[in-house]
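Undergrad: Structure provided below as structure tokens; questions to follow.
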Amino acid sequence: MIDPADSHQLDQLLRRHRIELKHSLGQNFLTDPALRDAVAEQAGLSPEDEVLEVGAGVGTLTVALARRARRVVAVELDGRLIPALRESLAGLENVEVVRTDILRFNVRSAFPDGNEIVAGNIPYNLTGALIRKLLDDPPRPRRLSLVVQKEVAERWTASTGASLSTVAVQVYAEARFLFTIPATAFTPSPRVDSALVRLDVRERPAVGVDDLNAFFRFVETVFQGRRKQLGGTLGRISDIGSTAAGARLRDLGIDPERRPQTLKLAEWESLYQGFRSLER
């Protein structure tokens, strides 16, 4: 069995299959076996666990997950990589390879009872949509163990809701920043460092709203004015003007001059409860 985490073996694998990696698809493969094994270990797998791997690539992480879990469903979008992926996985009978876009993949058909563990190296442009895809509706996975850009990991584990995806993460999971992975550990090297972040999914969402979809739509709308003060943004959204919006914000204990990325999750909930009925 080959190990695609070994840079020499990866190079030979890519040459055999005449594969040129695409930056547009976030194809940066981890070529540090020790770091790869650390990523797999931090997923916290038991021999009875089932895993959904997002973006299997040529199997760098897949082979390590397969040694630790009962079943791995490895999803990969790029059809050019599938033959190389299957070569890397030769002899591993507990892996199912699926060629599809993860955002179109029917996760519940593969894991009807939920409780799966999600792992993968996630491109920057996929992070927000993937979190909503996996966590919006029950049954949800038990845990997500994801390699993402370091900046994304820092946002997800911040005390404030720095982005829509951060708010979604905090609503559904407890996030932990585990360790940094330098750009030099990947082939080809990306422009920025990455990090492993672990999201332990909550039994129930951390906000007590009656319509989570409406809550997230509200948060998304407010974030469209992320560089603007909350008073002006909410005055426009609710059509009551910035003066009235500022007064309502002060009643909620929130300074109207603050910006969306400074809000904590409890403040987002208060904001939604205080303004949702006025939204146009």
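The values are calculated or read from the model by the stated rules, or taken from the named source; none is laboratory data. Keep in mind the model is a prediction, meaning the values are calculated, not measured. Virtual Cβ from ideal backbone geometry, glycine too; neighbours counted across all protein chains shown.
Undergrad: Restricting to segment 224-240, and then to whatever is surrounded by fewer than 18 Cβ atoms within 10 Å (Cβ to Cβ) and farther than 14 Å from Glu257 by Cα, can you tell me which residue is farthest from the chain's Cα centre (by Cα)? So that I can check it myself, show each step before the final result.
TA: Quick first cut of segment 224-240, residues surrounded by fewer than 18 Cβ atoms within 10 Å (Cβ to Cβ) only: 224-228, 232, 236, 239-240.
Subset that is farther than 14 Å from Glu257 by Cα: 224, 236, 239-240.
Working: Gln224: 21, Arg236: 31, Asp239: 34, Ile240: 36 Å.
Ranking the qualifying residues of segment 224-240, first place goes to Ile240.
Undergrad: Name the pairs whose Cβ atoms lie under 9 Å apart, with the first residue in segment 201-215 and assigned to a loop (DSSP other than H, G, I, E, B), the second modelled with pLDDT under 90, and 6 or more positions between them or separate chains?
TA: Note: pairs meeting the criteria are Val209/Arg276; Asp211/Arg276.
Undergrad: Taking the condition assigned to a loop (DSSP other than H, G, I, E, B) and not β-branched (Val, Ile, Thr), does Gly253 pass?
TA: yes
Undergrad: From the list Leu10, Leu85, pick out the single residue that is more than 13 Å from Gly120 (Cα to Cα) and touching a residue at least 60 places away in the same chain (Cβ under 8 Å). If you could, list the steps in order and put the result at the bottom.
TA: On the way: Leu85 fails: touching a residue at least 60 places away in the same chain (Cβ under 8 Å).
That would be Leu10, the only listed residue that is more than 13 Å from Gly120 (Cα to Cα) and touching a residue at least 60 places away in the same chain (Cβ under 8 Å).
Undergrad: Also: When only residues in segment 23-48 that are loosely packed, with under 15 Cβ neighbours inside 10 Å and among the hydroxyl-bearing types (Ser, Thr, Tyr) count, which is nearest to the chain's Cα centre (by Cα)?
TA: Taking segment 23-48 as the starting set, the residues that turn out to be loosely packed, with under 15 Cβ neighbours inside 10 Å are 23-24, 34, 41, 44, 46-48.
The next check asks that each one be among the hydroxyl-bearing types (Ser, Thr, Tyr); those that pass are 24, 46.
Working: Ser24: 18, Ser46: 22 Å.
Within segment 23-48, the match that is nearest to the chain's Cα centre (by Cα) is Ser24.
Undergrad: For segment 127-139, give me each residue that is over 11 Å from the mean Cα position of the chain (by Cα) and either within 17 Å of Gln42 (Cβ to Cβ) or surrounded by 21 or more Cβ atoms within 10 Å (Cβ to Cβ) (or both). Full working, then the answer.
TA: Start the filter on segment 127-139 by keeping residues that are over 11 Å from the mean Cα position of the chain (by Cα), which leaves 136-139.
Within segment 127-139, no residue meets the criteria.
Undergrad: Could you please let me know if Leu164 is surrounded by 23 or more Cβ atoms within 10 Å (Cβ to Cβ), in the same structural domain as Thr127 (by TED's automatic domain parsing) and of a type in the set (A, V, I, L, M)? Before you say what the answer is, go through the steps one by one.
TA: Values: surrounded by 23 or more Cβ atoms within 10 Å (Cβ to Cβ): no; in the same structural domain as Thr127 (by TED's automatic domain parsing): yes; of a type in the set (A, V, I, L, M): yes.
Against the criterion (surrounded by 23 or more Cβ atoms within 10 Å (Cβ to Cβ), in the same structural domain as Thr127 (by TED's automatic domain parsing) and of a type in the set (A, V, I, L, M)), Leu164 does not qualify.
Undergrad: Suppose the filter is in contact with a helix residue (DSSP H, G or I) (Cβ under 6 Å, 6 or more places away or on another chain) and either buried (at least 17 other Cβ atoms within 10 Å of the Cβ) or among the hydrophobic types (A, V, I, L, M, F, W, C) (or both); does Ala183 pass it? It would help to see each step written out before you state the result.
TA: Numbers: in contact with a helix residue (DSSP H, G or I) (Cβ under 6 Å, 6 or more places away or on another chain): no; either buried (at least 17 other Cβ atoms within 10 Å of the Cβ) or among the hydrophobic types (A, V, I, L, M, F, W, C) (or both): yes.
When the stated conditions are applied, Ala183 does not pass them.
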